[in-house]
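Inspection log for the structure reproduced underneath, given as structure tokens.
The values are calculated or read from the model by the stated rules, or taken from the named source; none is laboratory data. Not measured: the values here are computed from a predicted model. When we count neighbours, we look across all protein chains shown, and the Cβ atoms used for this are built from the backbone with ideal geometry, even at glycine. The area values use the complete protein model at the heavy-atom level, side chains included, leaving out ligands, DNA and RNA. Shrake-Rupley method; radii C 1.70, N 1.55, O 1.52, S 1.80 Å.
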Amino acid sequence: MRLIAVLFAVAHVSGVLALWPLPRSLETGTNALKLASNFDVQIDIPHAPSDLKDAVSRTKSLLKSDKLGRLVVGRGASDHNTLQRSGSLRTLRVSLTPGSPVRSITEEARLAIGTRSEGYTLQIPSDGSSATLTANSTLGLLRGLTTFGQLWYEASGEIYTMEAPVSITDSPAFPFRGFMLDTSRNFFPVADIKRTLDAMSWVKMSQFHWHVVDSQSFPLEVPGYTELASKGAYDSSMVYSPKDVEDIVAYAGARGIDVMIEIDTPGHTAIISAAHPEHIACAQESPWTTFANEPPAGQLRIASPATTNFTAGLLSAVARMFPSSLLSTGGDELNTECYVQDAETQADLKASGQTLEQALDVFTRATHAAIRAEGKTPAVWEEMVLEHNVTLGNDTVVMVWISSANAAAVAARNFRLVHGPSDYFYLDCGAGEWIGDDVANSWCDPFKTWQKSYTFDPLANISASQAHLVLGGEQLLWTEQSGPENLDSIVWPRAASSAEVFWSGPGGDLNTALPRLHDLAFRLRQRGVKAIQLQPMWCALRPGQCNIDS
Amino acid sequence: MKLLALVALVLAITHSPAEALWPQPQSVATGSSTLLLSPGFQITVQGNHVPGDLLAAVGRTKQLLVSDKLERLVVGRGAVDAPSFRAAKVLSRLTLSLGKGASFASLTSEAQKAPEERDEAYHLIIPKDGSGASITANSTLGLFRGLTTFSQLWYEHANTVYTVSAPVTIEDRPAYPYRGLMLDTARNFFPVSDIKRTLDAMSWVKINQFHWHIVDSQSFPLVVPGFTDLSAKGAYSSSQTYSLSDVRDIVSYAGARGIDVMVEIDTPGHTAIISQAHPDFVACAEASPWATYANEPPAGQLRFVDATVTKYIADLFTEVAKMFPSTLFSTGGDELNTNCYDIDGPTQAALNASGSTLEQALDVFTQKTHDALKAKGKTPVVWEEMVLVHNVTLSKDTPVLVWISSDNVKAVAEAGHKLIHAASDYFYLDCGGGGWVGNFPSGNSWCDPFKTWQRSFSFDPVANLTAEEAKLVLGGQQLLWTEQSGPQNLDPVVWPRAASSAELFWTGPGGNVSAALPRLHDLAYRFRQRGVNAISLQPEWCALRPGACDLTA
């Protein structure tokens, strides 16, 4: 008996510590519980949606394939004796609370931000009697299945937990928990995006922000505007066809993720000049440093009615490809010198008697009206509110990127906001300058560690009356120095940091988070995602011993 | 004809494909003719007793010529070259031969010679008229370097393998004999396949030295005959070890690729993990707070004052020396912490009993362990502190690895030691990834910032050295310490950055960063085609437009 007691004490240090993000309410015991070899998930829902059934199948498959040894010295080999006497769990019963609508996960995931139901309750008795998972929505059930999938380890051929009974009541602190990927600076095949969506779903992220095009390439094939991709993609093989988009959007939806597409305008559009030189000012102008923040220079001719019509039409067509209620029209880093030196723009302004800012307002209203006509709510980068004087609908979502210090100003203007500040959440910082012939550091040095992101306070300097404006946040990967080769290693496990901040709420303890994050990283690797090592494995097996103060 | 002339003009304006060679040869002359590789292209080696490892290298080269399938990095990719294919001549043969008087030895044996004795020079000629190409050298190793160069000359489009820069004449040899890469397999473990892939990539940029920092305080993955308790108790798991046959496999794989393997058993610091099998041999093992006793957790250093420990390490060295054919063997010697010995009862007792100081005891330990290696024909290699911080007796021929700062190179040279550049301020591949120590949100990497390829490329190996001191420079290396690395990010952290020093020490310093970038893009793209996950240095838009993303463009 003494041996077992010791084992339990050890186990307590590192078992529940493995859940990521940490549930809002969690109680665990100290009993071992095996998964029966005939373990099954029973869906007590008449006419259960097929994407829920698929999620159950994936969960069952992961329980077997994870094969993760506990992160303790010895990796759980000593759990063997305890397991011989433990109960076996044969059934997880999954049900919706009475009266809940039966909708697919996909439908629930695409509801307007702020109206999604992601809460769930999970009970796992220690005696082997059935575990239960209940929620008000299939999306909540998916979140609960994800939690269930993180509870189990493998040793000596047994799949088990050392912390039964488990009682969890959980729901997210913020609805927008996202990840942004730039597929324009460098291209990512569909398979890489799908793998990323899987990893996102495993940490309960709800939003994929797809920065699909930019000045460097236009890989999105848009019906009616196919010349943009045929002339602007890096290669005909580096294009997202409408079928690819459908595939990605469906894959995301089934995993509880909504896809917000971004067509960044009016800046970051140089590549449109490959098909439509008439719409682009200062295209590939030199020196680029005068006309853009990075090469190549080129921006939409916002003062031109033809260009405004073209852009509105393009955005309408893109809106029809994506079921999300959100569509980002961008709006960052507009360079005025580009327009000052553009004869066409100057002529257009003269003809209309407008200032550049007035022309930008007309352009923005026209393009936003176009996507609203398709049922979308626009999202914009912070400059559209803080630097420009444009008319925006009250429900416009504003993405803060330049600095975390700017969030309060956006909230003060009464706009809903998403945190994406470079000083906490940019995953690309710290790898050195990528501009040629320049021995310098990255502009947003230093590297943002998971610890840095984890200490972010979403409500800093935001009044209680404005707190409801904070939808959540996201970590972002701009891909000047990334491609399929380092996608996983630069994103994971770091992006899980904000996933927990915005699910569990801020104020998490770094000390107890690290062992859980190690566990997540090891599990991600078992699942085929190349999450990097945060520390030597010596540290991963010994929680706390590699802290600064240990 | 007008069309062809236009194409030729376009080719001349865009960069010459010969720029794709990495490292840049000492002397290269190229033309602007397209030359196709015959589908039946053959490589033959003249002479008798051609070594098997050279023939294997020929076989690999032929395979790469077919499998690389790299389209040229220009807007439009290989399609812009296609019009020149019809009138192009076809190359059907490359002949390798040794110079007069030279005779074949195996590639492996030539690679495993002492650095100063390696002959890596070669002469490559590719006529533009389709008549046979040739590589000549005075060594098998030189022929191999020539094959590596040859394979970087070719692109593919529409199932045609071709170059657009024939004729090609290259005279080449390295500026420095030691061009290395260090990998730490103790902080995190790397399977044999990851090491082999890294060796392949190293050979493609003519790196000739793998510095294997195989054990450290965190784990002891090396299975040493007679000392198997060290790995049995000190490896992360039984599957995370390098067996004798793994080592043989890696060493022969390296040798067949022109790479010598210098193993490092870091002593007397960085040895905490030995306490798992031999608690009596290690002072301050896992002592807390670790920051007092070590530069990183866990603390623990050999009780070198103890004659038993010294004998044990000398015997361990002897056994490890038998596993590695290289003439070089690093005994480490960095970051020795004196607090650790101040609080260690056995060490203090032994010092009292012998009446010697800690430094004197360190001298005895170093001499005895180095003598054990010398008896096995090895040349010990040490980290810089053994010369600059401690007062130990070292043979003048002991090469010194300079790591703390490039500022320390001068002092090592003044002490008369041969030296290997490995400065953290230029060559550490792990810098800039943020602090890895827990509960420290504001922690940055100690050697911030990230060392870009441009930074490494700008290094001057003879800065501040006199002409005499400059002769002591064997070369240099980039290094990956793996607190934040594992198989998951090995390729992206190392490549293409580690190619930067490979060129620096082959071609010599003073390379132009602007001219180098398109070549480095080309190398990174070729690496990806060969299964190495080299990262993108810039958006592909820039990679296809040399110079367009320079600061001044």
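The heavy atoms of B:R145 offer some 0 square angstrom of accessible surface to a 1.4 angstrom probe.
State whether the range B:38-157 is rounded, prolate or oblate according to the following rule on the C-alpha gyration tensor (a ≥ b ≥ c being the square roots of its eigenvalues): a/c under 1.5 gives rounded; otherwise a/b larger than b/c gives prolate, and the remaining case gives oblate. Cα axes put the range B:38-157 in the prolate bin. Report note on the peptides B:294-301, B:391-398: ranked by the mean count of other C-beta atoms within 10 Å, highest first, their order is B:294-301, B:391-398. Dipole magnitude for chain A: about 2620 debye, using +1 per Lys or Arg Cβ and -1 per Asp or Glu Cβ, origin at the Cα centre. Annotation for A:D247 and B:R86: the two label points, set 7 Å from Cα along the Cα-Cβ direction, are 3.7 nm apart.
Relative to the longest principal axis of the Cα atoms of chain A, helix A:510-526 runs at roughly 90 degrees.
Partner shielding of B:425-438 amounts to 5, given as the average count of beta-carbon atoms from other chains within 10 Å of each residue beta-carbon.
Residue by residue along B:452-462, Cβ atoms of other protein chains within 10 Å of the local Cβ number 3 on average.
The shape of the protein assembly as shown comes out oblate: with a ≥ b ≥ c from the C-alpha gyration tensor, a/c is at least 1.5 while a/b does not beat b/c. Considering helices alone, the calculated mean residue ellipticity of chain B at 222 nm is -9500 deg cm²/dmol, with DSSP H runs of length four and up weighted by -39500 (n - 2.57) and normalised per residue.
Note on the range A:20-88 and the range B:507-531: Cα centroid distance 48 Å, given to the nearest whole angstrom.
Taking the protein heavy atoms of the range A:115-270 in the context of the full set of protein chains, the accessible area attributed to carbon and sulfur is 50 percent at 1.4 Å.
Taking 0.36 nm per residue of sequence separation and removing the Cα-Cα distance, the B:D280/B:R248 pair yields an extension gain of 8.4 nm. What whole-number distance in Å separates the alpha-carbon centres of the range B:140-201 and the range A:99-124? Answer, in whole Å: 54.
For the range B:347-419 and the range A:482-550, what is the centre-to-centre distance using only Cα atoms, to the nearest Å? So the two Cα centres are separated by 39 Å. Considering only A:L228, A:I257, A:F522, the residue lying farthest towards the positive end of the dipole of chain A is A:F522, judged by Cα position with unit charges set on Cβ. For the protein assembly as shown, a simple Cβ point-charge model (Lys and Arg +1, Asp and Glu -1, everything else neutral) yields a dipole of about 2940 debye relative to the Cα centre. The order of A:R413, A:R494 by accessible area, most exposed first and with a 1.4 Å probe, is A:R413, A:R494. If you take every DSSP beta bridge whose two residues both sit in the protein assembly as shown, what share of them, in percent to the nearest 5, is antiparallel? Bridges in the protein assembly as shown that DSSP calls antiparallel: roughly 30 percent. Distance between the pseudo-spin-label points of B:D407 and B:T393 (7 Å out from Cα toward the beta carbon): 3.3 nm. Relative to the Cα centre, the charge distribution of the range B:170-288, modelled as +1 at Lys and Arg Cβ and -1 at Asp and Glu Cβ, gives a dipole magnitude of about 300 debye.
Among A:A407, B:L429, B:S109, which residue has its Cα furthest toward the positive end of the charge dipole of the protein assembly as shown, with +1 on Lys/Arg Cβ and -1 on Asp/Glu Cβ? Of the options given, the answer is B:S109. With a 1.4 Å probe on protein heavy atoms only, work out how much accessible surface B and A bury together, total over both chains, in Å² to the nearest 100. So the buried area, both faces added, is about 4900 Å².
For the listed residue pairs B:K233/B:K311; B:K451/B:K471; A:K67/B:K322; A:K67/A:K194; B:K113/B:K368; A:K34/A:K204, the alpha carbons are over 29 angstrom apart in A:K67/B:K322.
Adding -39500 (n - 2.57) for every DSSP H run of four residues or longer, then dividing by how many residues chain A holds, sets the calculated 222 nm ellipticity at -9500 deg cm²/dmol.
Surface analysis of the protein assembly as shown yields an accessible area of 33 Å² per residue, using protein heavy atoms and a 1.4 Å probe.
Ranking A:N511, A:I532, A:N547 by how far each Cα lies toward the positive end of the dipole of the range A:400-550 (charges on Cβ) leaves A:N511 at the top. Counting only other chain Cβ atoms within 10 Å of each residue's Cβ, the peptide B:440-450 averages 6.
Here the spin labels are modelled as points 7 Å beyond Cα on the Cα-Cβ line, and at B:S109 and A:S325 they lie 7.8 nm apart. Please say if the range B:287-363 is rounded, prolate or oblate, where rounded means a/c under 1.5 for a ≥ b ≥ c the square roots of the C-alpha gyration tensor eigenvalues, and otherwise the choice is prolate for a/b larger than b/c and oblate otherwise? Oblate.
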